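Each value in this text was obtained by applying a stated rule to the coordinates, not by laboratory testing. Because the structure is a prediction, the values reported are computed rather than measured. Cβ coordinates were reconstructed from backbone atoms using ideal geometry, including for glycine residues, and neighbour counts include every protein chain displayed.
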Amino acid sequence: MTHSITLYGIPNCDTVKKARAWLAEHGVVVQFHDFKKQGVPEQPLDHWLASAGWEKLLNRQGTTWRKLDPGAQAAVHDDASASQLMLAQPSVIKRPVVEWRQGGHTTVTVGFDAGRWQELQAELSRD
């Protein structure tokens, strides 16, 4: 069975750095997609929203969110409005977003969770 892993984020983000280091330590080959250079891909974003939900994907703790005026923040209330903001301001996406593809199935994780990643890596290694 074929599998691949794509990590989406921003290279200077501390959580992304930690995630990339963990993956390298565990010998995981990963493709990196830089939001700053490559933008946010629309079709994967739709999948992330469907898989994880806009509430989990939206980083309300980050500087980008906090700098938005209250009206712009209040306007984010569903997948469509969150998607619009995320496409315009990629830094508002909680990082990293990782797609763990195995055969025809893709699991999406948001943020860094070493325990969950260990489970997913073990699943990929079995195939």
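A few comments on the model shown:
- Helix 14-25 axis, angle to the chain major axis (alpha carbon atoms, nearest 10°): 10
- The alpha carbons of the stretch 73-127 stretch over 44, 24, 16 Å along the principal axes, in descending order.
- FRET efficiency for Thr106 and Asp69, using Cβ-Cβ distance with R0 set to 30 Å, rounded to 0.05: 0.30
- Peptides 46-53, 69-76, 117-124, ordered by how many other C-beta atoms sit within 10 Å of their residues on average, highest first, read 46-53, 117-124, 69-76.
- The stretch 1-118: Cα Rg divided by the 2.2 N^0.38 Å rule of thumb: 1.05
- Gyration tensor over alpha-carbon atoms, the stretch 1-50, equivalent ellipsoid semi-axes in Å: 19, 16, 9
- CD proxy at 222 nm, helix term only [per DSSP H run n ≥ 4: -39500 (n - 2.57); per residue of the chain; nearest 500]: -13500 deg cm²/dmol
- The C-alpha atoms of the stretch 36-97 occupy a region whose extents along the principal axes are 28, 25, 16 Å, arranged from largest to smallest.
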